[in-house]
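The values are calculated or read from the model by the stated rules, or taken from the named source; none is laboratory data. The shown structure was predicted, so the numbers you read here are calculated from the model rather than taken from an experiment. With ideal geometry, Cβ positions are generated from the backbone for all residues, glycine too; neighbour counts draw on all protein chains shown.
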Amino acid sequence: MIWLLSITIGFLVATGAYLVMQRRLLQVILGFSLMSHAANVMIVSSGWVGDGFTPIVRKYSDVDPASYVDPLPQAMVLTAIVISFAVTAFLLVLALNVYKRIETDDMDQVRRLKG
Amino acid sequence: MNAMLPVPVILPLFTGIIVFLFRRSQRWQERISLFSLAVNLAVALSLLNATAGGEMFFHRMGLWPFPYGIILAADRLTGTMLTLAAAIVGACVVFAEGYLSKNERREVFHPLIHFQLMGIQGAFLTGDLFNLFVFFEVMLMSTYALLSFYYNLDQLEMSFKYTCLNLIASTLFLVGVSFVYAQAGTVNMADLSVKIRELGPNPLMLLTAFVFLFVFAMKAALFPMHLWLPSAHSISPTHLGAILAGVLVKVGIYAIIRCATLIFPQPFESLQPVLTVMALTTIVWGALGTLPQQSLKRILAYSTINQLGYIAFGISLLSPLGMTAAVFYIVSHALLKSSMLLGAGLTQKLTGTVNLDEMGGMMQKAPFASTFLLVGFMSLSGIPPLNGFFSKFFLLQAGFTQGAYLVTGLVVLMSLVSLYYNFTTYQRMAWGTGGGEAGTAPVSMYASVGFLASFAVIFGLGVPWVYEWSQLVAAQITRPELYIAAMRNAL
Amino acid sequence: MRSVILQTVAPIVLHLTLIFSMFLLLYGHHQPGGGFIAGLMTAVGLVLQWVAFDAEEGERRFHWPWEKFYAYGLGLSALVGVLGLLSGAYLKSSRFELHPPLIGEVEVFTAFLFDVGVYGVVVGVTMAILVNLCIPEEKPEKESVQG
Amino acid sequence: MPLATLALSIAMIWLLMRGDAAPGNFFVGLILAFILILFLRRTYGQERSFRRWSDIVRFIFYFTWELIVANLQVLRIVLSPRLHIRPGIIAFRTECKTPLSVTSLANSITLTPGTLSVDYRMTIPPSLFTPSISRSPIKCARASGAAWKNP
Amino acid sequence: MSEIIGASALLIGAFFMFVASLGLVRLPDVYTRMHAATKATTFGMGGILIATSLAFQDAEITTQSLLALVFLFLTAPTSAHLIARAAYKNGPDLSSRTTIDEYGPYLQEMKAGEADGPSHHAGTENSGTIPDNR
Amino acid sequence: MIQTAVQIALWVLAFSIALSFYRLAKGPTVPDRVVAADNIATNLTGLFALFAIQTGEKLFIIAVVALTILSFVATAVYAKFLERGKIIE
């Protein structure tokens, strides 16, 4: 399980880093959102994942509390996801505004047009 | 007092919402906003007063048991920083009233500035690492929006750059949190301090501390990550530049102090050379960067980088003496640099430009504005009766006491460079020739600049008291066991 | 080009989505679910309407004040926190049992009101972004005096 | 569909979702339906029609049978070593005119043997364009299309 | 008994999901692939969801999976229709086995109609031409 | 019994997702890739249902409903984008 998570994180970061280095704004934004997902997966994996139960305590359940997955990282991840959602939306609005101004979202073009 | 701790977070939040709902009526928006800022300042002052005796305050949100839940904490450092933030943001809003002409996107300005204040004050107050991240993000998100205030192309591009850099930092912050959580199983600062001490030195913890140093250095614009600062200062509206230089970068510094003293004291001892090199490079880069600049705001921005290097140098000494100097420097620099940026905005409003060669002869045309700037420049370059001299003096004293002669000598050399650039800048601006007629500016702008600039003189005359306060703060923060014990007692 | 089939399916899907998001919102204090997910679900359903019809038609059909959604939502959430301050600490949740007629016993937590606020914020913000993105508003360019 | 029927069906779906047919739940569903209809009132047009229930039940059985046949056909095509397909896009006339009937016809045609709907032509004569997977089902599609009466 | 039915429904469902993917790989063009993907996945999901409700034996789960099923039957054909139309307009890319295409002429007619202004298309029923075996 | 079936079905679904990935990677045209992505989404929904049976956790069924809605909207948006080059006219 931990191997799978590691590979996933590595793949996400690699793809994100590649995308961030592109010239198009949209690809940069996508790259950033991939990288933040990698960080989120990392937080989840910092709690115990393994074979644990989902951390929801129900009435009359006789599950040993020790066999639950640690809920705190998941709460943190939820917050982090909300934040990255908001930032991505903001970046998209910015990119759209740049696009409306100069009809391109290519960073090199932006610099050239600015002179 | 404990129940009052959430107020600096809740009050700006509510004000932001109410001001947003009042966006049709600018007059009411202003009134509510200023009233709330005044109350906020009063709360911050009372917190400062309450923490003066060395007592610490804690507030558990939702009354969750100790290591869980959201904890707000206040000690002397928090009180100091809160007061600074409240005063500077208040002055900047007063300034913005005059700076922005009517109907100029104010309906977004007031709510955003209050959300930003909420983030800033929350970051100062919070007692756990993850909520530090959350409040950072609240603060940064409103900053992103404020940076692209007029939506022109320069601002859009700069805002994009700033957002991307900070996104990298935020991602790394999360990575750091996951490292910490995987090793210590908690994110509460006091709990972390104990757990990390128990774990002892290990390479992974060193790496974690380095990640956090990198993240906060990005916010504090230390050397490898300082590139966003000059354009952010010069392209954004002036009042935002003042908040950036006065408060936002100080949030990064504050977080570094907390890491170095409370959370990772041992890893930071190993990281001390890194921090020192970062600080020195920042000092050199900032000082040399000012030389080719034409714009007053860009000069001030590079000067900010320079000064941040001094503060980081003080922290990198990792001793009570160095911390005292750093705290003194933070206080004086925050007030000073925000007053100078506001002064630059004032001259911009008067002359319509920030290019030094186009101003020329400001001393005749706008005596008040250039007097305020004169005070600032004199203080920055370290003329004795003003606070800039003392902040550098204490820093050098701390450096020499600890035997870091070579490094401190370099710092002395660089302060000579800063002496040079400050004088040439002021000379070009105030006594040069050329430039058009000066316009007029509202009294509120003069008042806010004067209010902040007066602290340069007041702190210069009242050095003993300020220094004593800095010593008290440093004495408290360099002994993390006090913090831990207080939190355990309170909760 | 518009599609008759999508235009017929979209409102049905919207109804189902809204009911489902209400379900997520009211799912209960001891269960996962809650404001954020419910808000996203609602927003997804509404986005589909914008896709199926065009922007003007979407605006005409859903002329709701999105900015008020998030202002009041944020206000509600923060107010719930202050209510908690009365019973001990900020954000402290308290529990009530209500007996409204016809419905029977209902267990209400103040945290639920917090969730409702979050729901409003999420729906409002998402839709405000969407509406602003797809209706190009040609503002006169305001150049600041810059340095 | 009249609003009362709509409200009732929303409440029914709510009950389905809760999986608990308590009367309290039903009332909550009704309240929800009221709120939804209040919010969505601008979206309701004039055109609402309903088939007879017996037709619907007959249709469901017929449809299920056709679905199974369709899947067996797909199974045969995909698993046979050589692909016995002669695809093509054909137009066939329908008598459905209202959007709802067109939609239900198109969607059920997509799931029944050999056909898929690409586009609908509202002009005269109304017809549905369906890519079919082999030649023989074209007749089948024409037949099943003819079986659809305008509701 | 219900367990046996559930297990077999599950296996049949999973098998049809697999058939859909195999069809996706084997068949020659988008439209035929979509045949496989739409029909077989819908059927397969039906099997799996029935198995779920049989496995849980719980009113809540049964109704919820029924709802998911209804949703799937509503949306899967619609999305297939949307993709197919978009695919055709993006460039038909029909496979070489295609025997008949009555949609292309209609689209061209529509374009011509848009260019000429609105007009009624009476008697276009047999306008579809049968091309030679390509 | 049913657990064994679930195990087998999990493998079958995993394999069919792999096949769809082949089409997603190869697909000569963009619509091919969209169909493949849609198929992967449906397969994932199936996986969620299987997880629900395997762990006895009812929540996954709600996730199934949510995922169905999301994948439909995503496909609709993508098709619209393919057709016109913009999503909302």
TODO: Specify which of the listed residues (A:V110, A:V77, A:V13) is at pLDDT below 75, surrounded by 16 or more Cβ atoms within 10 Å (Cβ to Cβ) and in a helix (DSSP H, G or I).
DONE: A:V110
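Check the stretch B:296-309 and report whether any residue there is touching a helix residue (DSSP H, G or I) at 6+ places or on another chain (Cβ under 8 Å), hydroxyl-bearing (S, T, Y) and not in a helix (DSSP H, G or I).
Applying the first criterion (touching a helix residue (DSSP H, G or I) at 6+ places or on another chain (Cβ under 8 Å)) to the stretch B:296-309 yields B:296-309.
Remaining after also requiring hydroxyl-bearing (S, T, Y): B:302-304.
Pick out the ones that are also not in a helix (DSSP H, G or I) and you get none.
No.
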TODO: May I ask you to list pairs of residues, at least six apart or on different chains, whose Cβ atoms are under 8 Å apart, with the first in the stretch E:24-38 being in the same structural domain as E:L82 (by TED's automatic domain parsing) and the second being assigned to a helix (DSSP H, G or I) and modelled with pLDDT under 80?
DONE: E:T38/D:T110; E:T38/D:L111
Open item on the list: Residue under question is B:A182, and the condition is that it be aliphatic (A, V, I, L, M), closer than 18 Å to B:L129 by Cα, in contact with a Ser or Thr (Cβ under 9 Å, 6 or more places away or on another chain) and free of Cβ contacts under 8 Å to residues at least 40 places away in the same chain; does it hold?
Closed with: yes
TODO: All but one of (1) among the aliphatic types (A, V, I, L, M); (2) more than 12 Å from chain A (Cβ to nearest Cβ); (3) surrounded by fewer than 23 Cβ atoms within 10 Å (Cβ to Cβ) hold for B:A190, so report the exception by its number.
DONE: (3)
Task: Test result for C:G73, part of a helix (DSSP H, G or I), modelled with pLDDT of 80 or more and not aliphatic (A, V, I, L, M) - done: yes
TODO: Working only within the stretch B:1-55, note down all residues that are crowded, with 22+ Cβ neighbours inside 10 Å and more than 14 Å from chain C (Cβ to nearest Cβ).
DONE: B:S33, B:L37, B:N40, B:A44, B:L47, B:T51
Task: Where a residue in the stretch E:63-78 is within 7 Å of chain D (Cβ to nearest Cβ) and its partner, wherever it lies, is not in a helix (DSSP H, G or I), with Cβ under 7 Å and at least six apart - done: E:T63/D:G19; E:Q64/D:G19
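Tell me whether the stretch D:82-101 contains one or more residues that are part of a helix (DSSP H, G or I), of a type in the set (G, A, S), crowded, with 19+ Cβ neighbours inside 10 Å and modelled with pLDDT of 80 or more.
Start the filter on the stretch D:82-101 by keeping residues that are part of a helix (DSSP H, G or I), which leaves D:99-101.
Subsequent filtering for residues that are of a type in the set (G, A, S) retains D:101.
Adding the requirement that they be crowded, with 19+ Cβ neighbours inside 10 Å leaves D:101.
Checking which are modelled with pLDDT of 80 or more leaves us with none.
There is no residue in the stretch D:82-101 that is part of a helix (DSSP H, G or I), of a type in the set (G, A, S), crowded, with 19+ Cβ neighbours inside 10 Å and modelled with pLDDT of 80 or more.
Condition check: of a type in the set (V, I, T) and at pLDDT 80 or above. Does B:T353 satisfy that? Before you say what the answer is, go through the steps one by one.
Values: of a type in the set (V, I, T): yes; at pLDDT 80 or above: no.
Taking the combined requirement at face value, the residue does not satisfy it.
To keep it simple, each residue is scored yes or no on (1) away from chain C (no Cβ under 13 Å); (2) under 27 Å from B:S33 (Cα atoms).
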{"site": "B:Q121", "(1), (2)": "yes, yes"}
{"site": "B:L125", "(1), (2)": "no, yes"}
{"site": "B:L129", "(1), (2)": "yes, no"}
{"site": "B:F149", "(1), (2)": "no, yes"}
{"site": "B:C164", "(1), (2)": "yes, no"}
{"site": "B:S170", "(1), (2)": "yes, no"}
Task: The one condition in (1) surrounded by fewer than 23 Cβ atoms within 10 Å (Cβ to Cβ); (2) under 24 Å from B:M118 (Cα atoms) that B:G200 fails to fulfil - done: (2)
TODO: Kindly provide the set of residues from the stretch B:69-126 that are in a helix (DSSP H, G or I) and charged (D, E, K, R), ordered by number.
DONE: B:R76, B:E97, B:R106, B:E107
Open item on the list: Here is a check on your reading of the model: is B:V180 closer than 22 Å to B:T261 by Cβ, in contact with a strand residue (DSSP E or B) (Cβ under 7 Å, 6 or more places away or on another chain), buried (at least 22 other Cβ atoms within 10 Å of the Cβ) and within 10 Å of chain A (Cβ to nearest Cβ)?
Closed with: no
Task: Residues satisfying the stated conditions in the stretch F:61-81, i.e. under 13 Å from E:T52 (Cβ atoms) and within 9 Å of chain E (Cβ to nearest Cβ) - done: F:I61, F:I62, F:V64, F:V65
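Which members of the stretch B:463-491 meet the condition of being free of Cβ contacts under 8 Å to residues at least 60 places away in the same chain and surrounded by 14 or more Cβ atoms within 10 Å (Cβ to Cβ)? I'd like the intermediate steps shown before the answer.
First pass over the stretch B:463-491, keeping only residues free of Cβ contacts under 8 Å to residues at least 60 places away in the same chain: B:464-465, B:468, B:479, B:481, B:485, B:489.
Once the filter is applied, which keeps residues that are free of Cβ contacts under 8 Å to residues at least 60 places away in the same chain and surrounded by 14 or more Cβ atoms within 10 Å (Cβ to Cβ), the stretch B:463-491 yields only B:R479.
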Task: Residue selected from the stretch B:427-461 under the condition touching a Gly at 6+ places or on another chain (Cβ under 8 Å) and not in a helix (DSSP H, G or I), by the criterion nearest to B:E97 (Cα to Cα) - done: B:P442
Task: Any hit, the stretch C:123-137, residues being modelled with pLDDT under 65, farther than 30 Å from B:L491 by Cα and within 14 Å of chain B (Cβ to nearest Cβ) - done: yes
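Quick one: which residue in F:T4, F:T45 is of a type in the set (V, I, T) and more than 7 Å from every other protein chain (Cβ to nearest Cβ)? Can you show your working first?
Values: F:T45 fails: more than 7 Å from every other protein chain (Cβ to nearest Cβ).
Matching residue, one of F:T4, F:T45: F:T4.
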TODO: Spot the failing condition for E:L22; the list is (1) surrounded by 24 or more Cβ atoms within 10 Å (Cβ to Cβ); (2) in contact with a helix residue (DSSP H, G or I) (Cβ under 6 Å, 6 or more places away or on another chain); (3) facing chain D (nearest Cβ under 9 Å), and only one is missed.
DONE: (1)
